[in-house]
Amino acid sequence: MRTFILIIWASLLCAAPSCRAAGLPGAFWTESGRDTQGMDGSYTQGFVRQGVELARPLGGKLQAYGRYNWRLRSVDKDYFNSYTPYAGAMLSFKYVDVGAEFGWPHYTGAANGNKDYSVFANWFRYIGLKEWNKDALVKALPLSTWGSAAYDLSNQNGPSTMGWVKLEADLLWLPHDWMAGPFVSYDWRLRSHNPDYFDFSAVAAGACIGNGEMRLGAKYAWRDYPKLGRNEKGLQLFLNVYKAWDLGK
């Protein structure tokens, strides 16, 4: 909690005109889909975030932000379905964000809401393994990874990490720069407290069509829940949307 307060206090100090940098960065992300065989059923989750850039220390961009998260599914809803407002601050570099945030979770079912404050590091990296060639069978071969590591200062979840690694093969170049092709991926999710329904890993193979902001596809996944001693496999349908902006530009 002390670390969280110090980071927020530093952000407020940097709001002074002497160190303010213009920028109102924001983002929206959502994923909806249907798990035809597994634990989730039909689901949707996502967030909308709006921040204000305060300064640019150490070659990064410091912002304070508000964020609203939601998470809903049709199966085992009581301890999953929730909505949570957050307030936080983060320092963003080319591939990594580090920060702290405070949230007020509300569950729509039987679970009780708790305060959520944590420090975190998020990363994203995109690597083109093959130079773009519109005349080749495989026009591009993008490798991407996203992940998050967090420490829950309220000690309800403890340390946690989640993320994915994905390799795609872009075979079809469609109008308006939409691309389509197959992919393979690996997902993980781990934490130290109450891990039974949280911890899992999954290998998947599928195909999708997308344009950088929207992706529609299907995948067949093999999932392992180690604490439950449970394995699942089945077809999943999904739609992802991500959009970033800066209202200051």
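Here Glu101 meets the list (1) under 20 Å from Pro159 (Cα atoms); (2) in a loop (DSSP other than H, G, I, E, B) almost entirely, failing just condition (2). For the stretch 159-195, taking the residues that are within 19 Å of the chain's Cα centre (by Cα) and among the small types (Gly, Ala, Ser), the one that is nearest to Tyr220 (Cα to Cα) is identified as Ser185. Out of everything in the stretch 225-239 that is charged (D, E, K, R) and part of a strand (DSSP E or B), what residue ends up being farthest from Asp40 (Cα to Cα)? Within the stretch 225-239, the match that is farthest from Asp40 (Cα to Cα) is Arg230.
The test for being crowded, with 18+ Cβ neighbours inside 10 Å, of a type in the set (Gly, Ala, Ser) and modelled with pLDDT of 95 or more holds for Gly88.
Taking each residue of the stretch 37-65 that is within 14 Å of Gly26 (Cα to Cα) and looking for partners that are among the acidic types (Asp, Glu) and crowded, with 19+ Cβ neighbours inside 10 Å with beta-carbon atoms closer than 6 Å, six or more apart or interchain, yields Lys61/Glu53; Gln63/Glu53. When Leu190 is tested against (1) without any contact (Cβ under 8 Å) to a residue 60 or more places away in the chain; (2) part of a strand (DSSP E or B); (3) loosely packed, with under 14 Cβ neighbours inside 10 Å, just one condition goes unmet, and that condition is (3).
Scanning the stretch 203-229 for residues that are surrounded by 17 or more Cβ atoms within 10 Å (Cβ to Cβ), over 28 Å from Ala244 (Cα atoms) and either in contact with a helix residue (DSSP H, G or I) (Cβ under 6 Å, 6 or more places away or on another chain) or not charged (D, E, K, R) (or both) yields Ala221, Tyr225.
Looking across the stretch 47-79, the residues that are hydrophobic (A, V, I, L, M, F, W, C) and either in contact with a helix residue (DSSP H, G or I) (Cβ under 6 Å, 6 or more places away or on another chain) or part of a strand (DSSP E or B) (or both) come down to Phe47, Val48, Val52, Leu54, Ala55, Leu62, Ala64, Trp70, Leu72. For the stretch 104-119, filtered to residues that are within 19 Å of the chain's Cα centre (by Cα) and part of a loop (DSSP other than H, G, I, E, B), the residue that is surrounded by the most Cβ atoms within 10 Å (Cβ to Cβ) is Pro105. The set of residues from the stretch 222-243 being at pLDDT below 95 and aliphatic (A, V, I, L, M) comprises just one member, Leu228. Looking at this structure, is Phe198 under 20 Å from the mean Cα position of the chain (by Cα), outside any strand (DSSP E or B) and more than 30 Å from Leu24 (Cα to Cα)? When the stated conditions are applied, Phe198 passes them. Restricting attention to the stretch 23-46 and to residues that are modelled with pLDDT under 95 and assigned to a loop (DSSP other than H, G, I, E, B), the residue that is nearest to the chain's Cα centre (by Cα) turns out to be Asp40.
The values are calculated or read from the model by the stated rules, or taken from the named source; none is laboratory data. None of these values were measured; they are calculated from a predicted model. Glycine gets a Cβ as well: all are built from the backbone with ideal geometry, and neighbour counts include every protein chain shown.
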